[in-house]
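The values are calculated or read from the model by the stated rules, or taken from the named source; none is laboratory data. Predicted, not measured: the structure shown is a model, and the values here were computed from it. Counting neighbours? That spans all protein chains shown, and the Cβs are built from the backbone with ideal geometry, glycine included. Surface areas here come from the heavy atoms of the whole protein model, side chains and all, with no ligands, DNA or RNA. Shrake-Rupley method; radii C 1.70, N 1.55, O 1.52, S 1.80 Å.
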Amino acid sequence: MSISGAMPMAPELSIVIPVYNEADNLDALIARLVPILERVVSSHEIIFVDDGSSDRSMEKLREIHALDHRCRAVSFSRNFGKEIAIAAGLDHARGRATIIMDADLQHPPEMIETFVARWREGYKNVYGVRIDRNADSALRRMLTRRFYQIFEQFGETGLPDGAGDFRLLDRQAVEALKSMGERARFSKGLYAWIGFKSIGVPFDVAERHAGVSKFSYRTLTRFALDGLMSFSTLPLKVWTYVGTFISFCSLLAAIYYIAQTVTFGVDVPGYASLIVSIMFFAGVQLMSLGIIGEYIGRIFAEVKRRPLYLVAERLEDDAAVQPTDPTRAPARV
Ligand code: UDP
Ligand code: MG
């Protein structure tokens, strides 16, 4: 790629860090991260994406930026969610490779050395595989595992087991991700979909440095639905088969009742079976309508073509280039 021509200041490595109310973690993160970066790569930049934090995160980022211009920041006008924050970080990253990591030190910065070593061996998509999610509750671990099993069965793209957002992406992979303009972003699916020479590197998930997880079961459920629906059309198609099967059963039932009437005459009772079948069919129809509604809702969100995110403030260095257009016009795709 002719990236070096287009961007003479391109550092070797960019780090993208989504930040949502992480003021108490940022100093500790920088203190651990920068010495490792200085040892492992020739040049680097750190891009913090402030996802509409309401605490002192942005002030902290201003202090960090004033001390070290290699630390840049993009601040959203409101909370857009981690997936979109990552997309914005990739839009702003200029490095020949980019690492995505959390701000809460659950992703150990020491792994960067291994990631970069694999990248130098020629891998373009080096992903961290969490050895154990002990840091999360047992219920969340169980539900996460279940989700991956369902995704494995129904999704049209396979997901490597235990792979998450902590990963290194080569410039080529970053450009591929940037070309995908979808709003319902399920990054774990997108990373797998783009392909490229990939390798998993196991790592231990650390405890959160400060604060609590930003993901409730409600947001995780929403996220799981987004993931399944953007990578599988099976929930839409399955209704054809269910419908056919039910129609076939009702045909058999009709034959049975006709035969019964012809043989034994008209039988007055029968309300129970009528009511049951009406309720059953109404239920099936509502359910299939609901599934179609879920997809149409997503289509609606995509066709509105709203910008993926709105930037309220940027902390840039002198060589800052304007990021690619966040509205993601169709011409780019
Ligand atoms: N995050 C974000 N926007 C959100 C929620 C979270 O940018 O709406 C960031 C958060 O600051 C952290 C990362 O995403 O850097 C992971 O969040 P968290 O630690 O809460 O999630 P968990 O580790 O429980 O999956
Ligand atoms: Mg965390």
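Here are the numbers:
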{"item": "Charge dipole of segment 8-77 about the Cα centre (unit charges at C-beta), most positive-ward option of Ser14, Val49, Ser77", "result": "Ser14"}
{"item": "Nearest-0.05 FRET efficiency for Phe280 and Arg140, computed from C-beta distance (R0 35 Å)", "result": "0.50"}
{"item": "Mean accessible surface per residue for the chain, computed with a 1.4 Å probe while every protein chain stays in place, in Å²", "result": "52"}
{"item": "With every protein chain in place, segment 49-139: carbon and sulfur % of accessible area (1.4 Å)", "result": "49"}
{"item": "Along the chain, longest interval not containing exposed trypsin sites (Lys or Arg not before Pro), exposed being DSSP loop plus at most 11 other Cβ atoms within 10 Å", "result": "79-303"}
{"item": "Debye, to nearest 20: dipole size of the chain, +1 on Lys, Arg Cβ, -1 on Asp, Glu Cβ", "result": "720"}
{"item": "Normalised contact order of the chain, rounded percent, pairs of Cα under 8 Å and 6 or more residues apart", "result": "22"}
{"item": "Neighbour count of at most 14 Cβ within 10 Å plus DSSP loop: longest GluC sites (Glu not before Pro)-free window in the chain", "result": "208-333"}
{"item": "Hz values of 3J(HN,Hα) by residue in segment 224-237 - Karplus curve (6.51, -1.76, 1.60), Gly and Pro given as x", "result": "5, 5, 4, x, 5, 6, 8, 10, 8, 9, 4, x, 6, 6"}
{"item": "In nm, spacing of pseudo-spin labels at Leu236 and Ile255 (7 Å Cα→C-beta vector)", "result": "3.4"}
